[in-house]
Amino acid sequence: MLAKAHLEAAPKMAEIPHTREMFDRLTMGIVRSLEKRPGVSDVRLLDRKPAERHVVVSWEQKNSCIMPDDLKRFFLTTDGMLLQWKIKFDDHIVPLGRMEINPIGSVAKLGGTNSSRNTPSLADLDYDTDDDNISDSEDKPHFDARSRVFELDPCEGHGKVCLVYRETKPGSPAQHPEVWFLDRSLEWHYLADSFTQYFRLMLMHLGLPQWQYTFTNIGLSPATQQWFNIYAPVRLTMDSDLLSQRSQDWIDDTPTTVVPDIPTNRLDAGKVFKGKSDRRNKGAVAKKKPSSTTANQKPPTSGPASSGRPLPTQSTFGKPR
């Protein structure tokens, strides 16, 4: 009851100083676009302060996981996110869209092996599933020591969006997590290769109810399809193309998470999450003069850059402050 009252008392975006400009940059203008759509009556953001750096470090040490730079930078800018929007339907205000990322204190681990005779754990159920379909379970997350799973979004009880570290080893810090969706039948469905990619998917689907089921073999409910036809009609076609490409990639045994060549906005979160320390570092670098060795150095005539292959780049969110 208290949580519900707190959410209802959340201020509008225009009432939070500096939030409008920052959030418009972060969400690529989705908020302004929503406010201009017919029927949308209320767009509210729950104001959250940035997480302390020691809290992020403590989470990594507690869970023996290296948090990716894009997610770390997100938490150092805002400790989670909750954006809700409503519509006017038959003279009633009805909640519809919801975009949520848990605060770092709620990014809790799922699974474990603590069980008894009468209360089996998720790990016990995981082993039973492996016995039924060994080949299909090899590439999917697990609730035992083979994976470390953390909840990013509770999805209002319709499932869970999880940060998954696969192929983990005891005593070794886990790295390079992916984002997966766990439905209510405890089936895993791949969503994105990084937090940045998932964040883009969440924005492009406007937080419509149960949008994650687009990427499952269950599919969207008829009611959700109607909401997509009203507010994001092109998105369903894009998702179909994306699923087809992923299926072909897996058939070819060359998995990739590249989104199809469709017109979308780019999320440069490195610019969004640029704080005072970044500006000081930029000023310090500008004062340094290039050395004569660097100035006279010629570009290489061979190697990865000259062979036409793209050089690896940093994460979209950049390095943490």
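Tell me which residues come under 5 Å, amide H to amide H, from Gly80 once H is placed; ignore anything under 5 positions away on its chain.
Result for Gly80 returns Ile104.
Which cross-chain or sequence-distant (5 or more) residues have an amide H under 5 Å from the amide H of Ala174, H modelled 1.01 Å from N in plane?
For Ala174, whose amide H was placed from the backbone, the distant partners under 5 Å are Cys65, Ile66.
Just the accessible area for Glu151, please: 1.4 Å probe, Å², rounded to the nearest 10?
About 30 Å², rounded to the nearest 10.
Over the range 183-240, give the accessible area per residue in Å² for a 1.4 Å probe, as an integer.
41
Using modelled amide H (1.01 Å from N, peptide plane; none on Pro or chain starts), what sits under 5 Å from the amide H of Asp42, excluding residues fewer than 5 places away?
Here Lys86 satisfy the definition.
The values are calculated or read from the model by the stated rules, or taken from the named source; none is laboratory data. Quantities reported herein were computed from a predicted structural model and do not represent experimental measurements. For the accessible areas, the whole protein counts, side chains as well, though only heavy atoms, and no ligand, DNA or RNA atoms are used. Shrake-Rupley method; radii C 1.70, N 1.55, O 1.52, S 1.80 Å.
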